[in-house]
Structure formats: C-alpha cells, structure tokens
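Peer 1: Would you mind keeping the following structure in view while I ask a few things?
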Amino acid sequence: MSNIVRDNNIIDFSKIGYNLVSFQSWTLEKAFKVIADVGYSTVELCLEHPEMDPEKLLNGDIARIKAALEENGLRTSAISCNCKDANLDATFSECVKALDVALELGTKIFTISAPPENLDPGGQLTRQTLSKLLQIADNKGIIIAIENEPDSVIHGFYDFSMLISELINLPLGLNLNLSHAALTEQDVAAVINEFASHIVHTSISDCRKNQHDHLIPGDGNLDIHGLIVSLNRNHYQGDYILSPTSVNQSPDQLAKAAMDWCRETLG
C-alpha cells in the first residue's frame, strides 16, 4: 500500500458509499446488509443488477428495495446506467423509467456513461438522446451526471467540455471517475480545479499507470488521498462512491478492503 500523509477528518464518512456493480450475483437485501455492516452509509444502485429492472420496480418491487435500504440504514446516492447497448432507443426508454425509480428511492442523481465511441462515431446520436433525457430529467428535478470513460463518446474532459457547451441550461453534471480521469488526463487535480462546479458525484477506485483497472484504493499508482483533498478545496459537496472490481476477490472482501483503506487513510 502506498505511503500517504494522513489528514484528520478530511472526509465526512456519511458521504462514503459503495457501487453495487460487483454484487450483481447477490440479492440486493444480502448486499445491503454486507455494505452496511462494513460501515458504508450510502449505495449507488446500477441498472445492471438483475433486481434493478425499472419496469419491475415501478410495478411493485420498489417497496421491497426501499424497506431493505431503510432496515440497513442506507441512503441511495445515485442510480447508474452503463450504456453498452448499440440500441440507444432501448437504453433511453430504460433510463426514462429509471428516473422515476431514482425519485422513489430518494435520490436526484442519475449517473450515466456514454456508449463506446465505435457504436456512435462522432457522438451525434448520443448527444441527441442525452438532450431528450435531460429535458425529461429537468421536469423531474433530477441531475444527469455523465461519467468520463476511456474509449466512450465522452472519452475525456475535452469531450465533456464540448458537451456542456452544447447542452446548456439543462441539468447536466459530471460523475467524476478518478481512475478513468487518470488514464485520459495528465493532471487529474487540474481537471478537478477546472470542472469543480460541474462535479456532483465521484467514483473512486485505483489504477496502475496506463491500465484500465478498478483497484482497491492503495493498490495502484493514483494519489486518491490528494485528489480528495483537491475536491475538498473546491468545495465538493457530493458523495464518494467506492467502486473497485476484481475477479480474484469476492464483492464482500472488496467492500471491506476499500473501507479499511478509507478508515486508515481518511478517518
């Protein structure tokens, strides 16, 4: 684990959450209990989880999910969608329904990653679809937080800057993925300084140099502690969502190891 100078109380632990993407083979109730027992306060619920089908949730299952969150003392930080489907119309329809799920589960942040660049060269269809979704979100009081992801239509922060210059007066924010930013930008702290007013949600995992990893903090080369300090200096008010993945560790082991790092480095 890297040697990092500690600051006391640089982060409000009630804002530290966990992304359920690695818990897709677990029931939500079981995942919530593990995450709460480890010490997290909030969760990011991803549409990839089999129990997060928006249509089924809106037809009655949502009460069960709300009850399980409340039982474990968890708050919903965001609902997220990872757009890997070439059928953007189907993704749009799912996301529209998921906006109502977000409101039912108590969050006004919906995070979305753009489709791979090869599915929409130039990104025109993505921008058109996102514009329609933003208009619907605006009427519901929801912020759409686009995530920077290498090799997607929003590959880096030049792409994001072009997007916000085109989609003005709409509730478009940034879901800052620190490990992704490290792959596309030379200076992630400078990115935070430049785009701080747009950052509404932050995804945390580590990475090795020039590798698209999602490691437990401290297992890569990223100065996550320093970047959190940069966010604080820029008056960031959102959640910090841990999102490591690994084929060698179970989801509960990952969640515990990530929280151990938080307590050791940030507590």
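None of the figures in this text is laboratory data; all of them are computed from the coordinates on show. Computed from a predicted structure; not experimentally measured. Here the Cβ positions follow ideal geometry from the backbone for every residue, glycine too, while neighbour counts run over all protein chains shown.
Peer 1: Which residue, D239, D85, D120, tops the fluctuation ranking in a GNM of the chain built on C-alpha contacts under 10 Å?
Peer 2: Per the Cα network of the chain with a 10 Å cutoff, D85 tops the list.
Peer 1: With the dipole of the range 13-266 worked out from charges on the C-beta (+1 for Lys and Arg, -1 for Asp and Glu) around the Cα centre, which of A68, Q211, S165 lies farthest toward the positive end?
Peer 2: So the residue furthest toward the plus end is A68.
Peer 1: I would also like to ask the following. Can you tell me the Rg and the Dmax, both Å, for the Cα atoms in the range 208-267?
Peer 2: Values for the range 208-267 (Cα only, Rg and Dmax): 12.3, 36 Å.
Peer 1: Another question about this same structure. Please report the net charge: other residues with Cβ closer than 14 Å to the Cβ of S161, K and R +1, D and E -1. Intermediate values should be presented prior to the final figure.
Peer 2: Numbers: positive: R127; negative: D159, E166, E185, E194.
Residues close to S161 contribute a combined charge of -3.
Peer 1: Follow-up. Mind checking Rg over Rh on the chain, alpha carbons, Kirkwood formula for Rh? Let's see the in-between values first.
Peer 2: Values: Rg = 17.5 Å, Rh = 18.6 Å.
A ratio of 0.94.
Peer 1: Out of all DSSP beta bridges with both ends in the chain, state the antiparallel percent to the nearest 5.
Peer 2: Numbers: 2 of 33 bridges.
Among the beta bridges of the chain, antiparallel pairing accounts for roughly 5 percent.
Peer 1: What FRET efficiency, computed as 1/(1 + (r/R0)^6) with R0 = 51 Å and r the Cβ-Cβ distance, is obtained for Q124 and E264, rounded to the nearest 0.05?
Peer 2: Working: r = 46 Å, r/R0 = 0.91.
Efficiency computed from Cβ-Cβ geometry: 0.65.
Peer 1: Next question. Starting from one equal scatterer on each C-alpha and no solvent at all, send me the Debye-based log10 I(q)/I(0) for the range 12-60 at q = 0.13, 0.27, 0.32, 0.33 Å⁻¹, two decimals.
Peer 2: Summing over Cα pairs of the range 12-60 leads to -0.32, -1.02, -1.20, -1.23.
Peer 1: Treating the Cα atoms of the range 148-246 as identical point scatterers in vacuum, please give the log10 of the normalised Debye intensity I(q)/I(0) at q = 0.10 Å⁻¹, two decimals.
Peer 2: -0.24
Peer 1: What number, rounded to the nearest 500 deg cm²/dmol, is the helix-based mean residue ellipticity at 222 nm of the chain, given -39500 (n - 2.57) per DSSP H run of at least four residues and division by all its residues?
Peer 2: Working: 9 runs with 106 residues, N = 267.
Here the helix-only value at 222 nm equals -12500 deg cm²/dmol.
Peer 1: Still on this model: Got a sec? Which residues in the range 151-166 would a label at E48 touch, if it sits 7 Å along Cα→Cβ and we count backbone N under 11 Å?
Peer 2: none
Peer 1: Continuing with the same structure: Pick from V38, V153, V247: which is most flexible by mean-square fluctuation in a GNM of the chain where alpha carbon atoms under 10 Å apart are linked?
Peer 2: V247
Peer 1: Work out how much length Q253 to V96 would gain on full extension: take 0.36 nm times their residue separation and subtract the Cα-Cα distance, in nm to one decimal.
Peer 2: 53.1 nm
Peer 1: Under a cut-off of 15 Å between alpha-carbon atoms, report the aspartates and glutamates in cross-link reach of K66, not counting same-chain residues fewer than 8 places apart.
Peer 2: E29, E44, E51, D53, D100, E104
Peer 1: Per 0.36 nm of contour for each residue apart, how much would the distance between T27 and R64 grow if the chain were fully extended, relative to their Cα-Cα spacing?
Peer 2: Working: separation 37, 0.36 × 37 = 13.32 nm, distance 1.18 nm.
That works out to 12.1 nm of additional length.
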